[in-house]
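The values are calculated or read from the model by the stated rules, or taken from the named source; none is laboratory data. Just so it is clear, the structure is predicted and the values come from calculations on it, not from any experiment. Neighbour counts run over all protein chains shown; Cβ positions are idealised from the backbone, glycine included. For accessibility, only protein heavy atoms count, side chains too; no ligands or nucleic acids. Shrake-Rupley method; radii C 1.70, N 1.55, O 1.52, S 1.80 Å.
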Amino acid sequence: MEDNQREPAGKSTGIKQPRRNPFWPVLILALLGVLLMRLLWPAMSYEEIDYGFFLRQLQADNIQTLEINGTSAIGTFKVPPEKPPQFNEDGIEVKPKTENGEPATLSRKFAVQLSEGFNEFLNKFLTEKELKDGKPASLIVKNRNGNAMEYLTLFLLFGVPIALFVVVWLMFRRTRDQIMGGGGFLSSFSRSTAKRYEPNDQQTTFADVAGLEGVKADLQELVDFLKAPEKFQRLGGRIPKGVLLNGPPGTGKTLLARAVAGEAGVPFYSVNGSEFIQMFVGVGASRVRDLFQTAKENAPAIIFVDEIDAVGRQRGAGLGGGHDEREQTLNQILSEMDGFSGTDSVIVVAATNRPDVLDPALLRPGRFDRHITVGRPTYKGRLDIFKVHTRDVPLDNDVDLERLAAVTIGLTGADIRNLVNESALWAARNDRKRVHMADFDYARDKVLMGAKREEVLKQDEKEKTAYHEAGHTLAAWFLKGAQRVHKVTIIPRGRSLGSTQIIPTEDRVSSSEHELLDQLVVFLAGRAAEKIVYDETTVGAENDLERATSIARRMVTNWGMSAKLGPVSYKSSEDDPFLGREMHQQRQFSEHTQELIDGEVARILGDSSTRALDLLEDKREQLELVTRGLLEREELSEREIEELIGQSVHGPADYFESAAPPAATDEDSVVGTAEQTEDNPVV
């Protein structure tokens, strides 16, 4: 989640809740339960009697009904007889009695286990009784085929498998509904999985978004239209159908969309672009229709599509053509946003950090006709973000948020949130009750340079690393076009054996040619220091060479900073994000021009390397001082470097404590902001 602060918990509900009909599964289970109870009930509700006692009651004509089931029988007495005598521990016959002292009687219903030949005995007994009495016996006899065990066997053979089938079917249906978004087997495919956030007391508003004042001013127009559309419609104005928020990750695009919905107090539907893409062609388009239809029914409303580049990429781009499902989904979005059935009551807000890959039809006026860049925060914005994220953090008196905002140029809201969290974790790890400034310094070093590694360098490797980092430090210390050195260390961090932390002194939006050339000298000064001291270079300059070559090539091909080639753009198609597109794109310059470009890049890097060698030869004494300081302390701050070699050309070391940089609109400069010079050896 990318944001400038924590978000209040909104009430999230699905767009449509599918109705389930559990009638048939419940009915089947109920019938199986009744069958089981019916088989087991006789043994539980009839009182068991002895076979001899049963025969005596039969001969006494005290049995009214008898139902024979194989070797067992159940029946009823005409008059409940007294319970047969029992024998105590001494073998004395005892007649059971009730609490009142009266003889105890059996229940009217009884069950008995019959002996073999009982049916012949019963027929003979009834015949003799009929001859003796001259009329049929009053005993009612019924015979059932099979017994309880047979029925129980049938239940186990057929009932249990049916029950298991029902249970598995219910589990499969629940799992399928979760995967497909709810509903029936086919309808669940077409339903959108977007979440609806209802207005409540904890709505996110623009007051909850730190910084980004210009962006919030642009979005306020959407809020005004949703609150009072007649104000704009009276003069024939139409609100933009879609607003595209683009910018680096972590700058707060999602939070801004939530704030628009909170300010307007309208239904807010949130969905990720990848949720439209499914295995079957046409499902994504159907989900788009369902989403827009639901939003129109609850208009005015806002639809927020996060990471829209997942579904809105250029059609027909890349090797092998496009993806049918994604392209049909994109076509449906285009139709819904500005088709024959267009509407002004639903506004689509989308976010992406790759606006260059979006389809041109999606960006034209009438669809996403307003593009808002959400850049990295300025000094004032960073200060506000620090205040937001430290509201629940107990801070010590030595914590200076203004200084932290000044030394975190280029960090996004998410980066600052991570920095505050790392500071709190480190303070808790050291059993402190408050977070100190030292904790923030530790967290900033961890975020910018990586965590410390446990490995210990050999003395010769440690010395080479110290000379390398001292070279970077001196070049940045004495060149006006370079950025300010904040800290240098030879402690292994992340993937590097040493790092020189370089931070801009102010928010920058551009760089001049002489500044770029000075930065190239800084990149190559580590390698130059190794060359001066050891008359050879190491693999530690790999990352330096990569970054320096990238800047030099862009100076020649993109920015026209080569006198030989002149003010011409030779930008190639290597930056195209789609695989295979460069195969059918012709290069706009010849092979001879490519050779000239390569020559100019090599010349610029060669001149920068020579400048770095000359600078370090001239500052050889300072190089040794910084190197020895690093070998002794392993880490030097800006103030400690100043004590060793004097004041930097960028001003005194207490710059960040005495002054704050002016607020300015900030974007990435051509070489980036808040970057450190890292050495990533291959070994």
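Residues whose amide H lies under 5 Å from that of LYS487, counting only those 5 or more places away or on a different chain, are GLN501; hydrogens are built 1.01 Å from N in the peptide plane. In order along the stretch 489-503, the phi-based Karplus estimate (6.51 cos²θ - 1.76 cosθ + 1.60, θ = phi - 60°) of 3J(HN,Hα) comes to 8, 10, 7, x, 9, x, 9, 10, 7, x, 8, 10, 7, 10, 10 Hz; Gly and Pro are listed as x. For the stretch 475-542, the carbon plus sulfur part of the accessible surface works out to 47%, probe radius 1.4 Å. What a 1.4 Å probe finds exposed on the stretch 207-308 is 51% carbon and sulfur by accessible area, rounded to a whole percent. As a rough guide to protection, the peptides 228-238, 539-549 ranked by mean Cβ packing within 10 Å, highest first, stand as 539-549, 228-238.
What the phi angles of the stretch 111-119 give under the Karplus curve with 6.51, -1.76 and 1.60, with θ = phi - 60°, is a coupling list of 9, 8, 8, 8, 8, 5, x, 5, 4 Hz, glycine and proline written as x. Measuring against 27 Å, Cα to Cα, the residue pairs LYS216/LYS296; LYS253/LYS452; LYS97/LYS132; LYS253/LYS433; LYS241/LYS380; LYS380/LYS487 contain LYS253/LYS452; LYS97/LYS132; LYS253/LYS433; LYS241/LYS380 as the ones spanning a longer distance. Taking θ as phi - 60° and the Karplus parameters 6.51, -1.76 and 1.60, the scalar couplings of the stretch 525-536 work out to 6, x, 5, 5, 5, 5, 5, 5, 7, 10, 6, 7 Hz in sequence order, x denoting glycine and proline. A protection proxy built from the mean count of other Cβ atoms within 10 Å ranks the segments 263-274, 597-608, 515-526, most packed first, as 515-526, 263-274, 597-608.
Each peptide in 376-387, 206-217, 558-569, 617-628 gets a packing score, the mean of other Cβ atoms within 10 Å over its residues, and the list from highest to lowest is 376-387, 206-217, 617-628, 558-569. For VAL435, the residues whose modelled amide H falls within less than 5 Å of its own, excluding neighbours fewer than 5 places apart on the same chain, are LEU395, ASP396.
Between GLN594 and ALA217, the simple label model (points 7 Å from Cα in the Cβ direction) yields a spacing of 4.8 nm.
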